[in-house]
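Engineer: Sharing a structure here in structure tokens format.
Read-outs throughout are calculated quantities, based only on the coordinates presented, and are distinct from any laboratory measurement. On a predicted model such as this, the values are computed, not experimentally measured, just so you know. For neighbour counting, all protein chains shown are included, and Cβ atoms are generated from backbone atoms with ideal geometry for every residue, glycine included.
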Amino acid sequence: MNKSELIEKISEKAQISKATAGVVLDAVIESVTGALTAGDSVVLVGFGTFSVTDRPARIGRNPQTGKTLEIAAAKKPGFKAGKALKEAVN
């Protein structure tokens, strides 16, 4: 499912226009992104938790040359599915 298909589903389920559904989806994405950028996590009970984890610096290897290189530390967004979502999928 891509973004436009998701907007269509939201529009049908909530009985709102596709334009309104698009604005709502964009607001949700922007809000989650803003919270993660600020270092917070977003918990949607039953659905899951969006959070940021720190990935430490490490030594990697260039597969073409075999030469080692240092990969810098980074922050990584993550998602952990909630119990209801896990049960719905299984």
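Engineer: Please give the length that would be gained between Asp26 and Ala57 if that part of the chain were fully extended, namely 0.36 nm times their separation in residues minus their C-alpha to C-alpha distance (nm, one decimal).
Structural biologist: 7.9 nm
Engineer: Please identify every one of the trypsin sites (Lys or Arg not before Pro) in the chain that sits in a loop by DSSP and has no more than 10 other beta carbons within 10 Å of its own beta carbon.
Structural biologist: Filter output for the chain: Lys67.
Engineer: Another question, if that's okay. Around Thr53, under 10 Å between beta carbons, what's the net of Lys plus Arg minus Asp minus Glu among the other residues? Don't jump to the answer; show the numbers that get you there.
Structural biologist: Working: positive: Arg55, Lys75, Lys76; negative: Asp54.
Local charge sum for Thr53: +2.
Engineer: Could you tell me which label, among (i) -0.60; (ii) -0.80; (iii) -0.67, carries the value of log10 I(q)/I(0) by the Debye sum over Cα atoms at q = 0.15 Å⁻¹ calculated for this structure?
Structural biologist: Here the calculated entry is (ii).
Engineer: Connecting C-alpha atoms closer than 10 Å in a GNM of the chain, tell me which of Ile16, Ile59, Ile29 has the biggest fluctuation.
Structural biologist: Fluctuation is largest for Ile59.
Engineer: Another one. What is the angle, in °, between the Cα long axis of helix 18-37 and the longest principal axis of the Cα atoms in the chain? Nearest 10 is fine, range 0 to 90.
Structural biologist: Relative to the chain, helix 18-37 is tipped by roughly 30 degrees.
Engineer: Round to the nearest 10 and give me the degree value, 0 to 90, for the angle of helix 3-14's Cα axis relative to the longest principal axis of the chain.
Structural biologist: Value to nearest ten degrees: 30.
Engineer: Search the structure for amide H atoms under 5 Å from the amide H of Gly48, placed 1.01 Å from N in the peptide plane, and list their residues when 5 or more places away or on another chain.
Structural biologist: Under 5 Å from the amide H of Gly48 lie the amide H atoms of Gly82, each far enough along the sequence or on another chain.
Engineer: Okay, moving on. Positive end of the charge dipole of the chain (Lys, Arg +1 and Asp, Glu -1 on Cβ, about the Cα centre): tell me which of Ala19, Leu44, Ala73 has its Cα farthest that way.
Structural biologist: Comparing the listed Cα positions along the dipole, Ala73 ranks first.
Engineer: Taking the chain as a Gaussian network, Cα atoms linked when under 10 Å apart, which of Ser11, Ser31, Ser51 shows the biggest mean-square fluctuation?
Structural biologist: Ser11
Engineer: So, one more: Which residue, Glu70, Glu30, Glu12, has the most motion in a Gaussian network model of the chain that connects Cα atoms within less than 10 Å?
Structural biologist: Looking only at Glu70, Glu30, Glu12, the largest GNM fluctuation is found for Glu70.
Engineer: Work out how much length Thr33 to Leu6 would gain on full extension: take 0.36 nm times their residue separation and subtract the Cα-Cα distance, in nm to one decimal.
Structural biologist: Extending this stretch completely gives an extra 7.9 nm.
Engineer: Rounding to the nearest 20 debye, state how big the charge dipole of the chain is about its Cα centre with +1 on each Lys and Arg Cβ and -1 on each Asp and Glu Cβ.
Structural biologist: That gives a dipole near 440 debye.
Engineer: While we're looking at this one, here's another question. Which lysines, if any, have their Cα less than 28 Å from the Cα of Lys13, not counting same-chain residues under 8 positions apart?
Structural biologist: Lys3, Lys80, Lys83, Lys86
Engineer: Using the alpha-carbon centroid of each, what span in Å lies between region 1-27 and region 38-83?
Structural biologist: Centre-to-centre distance over Cα atoms comes out at 29 Å.
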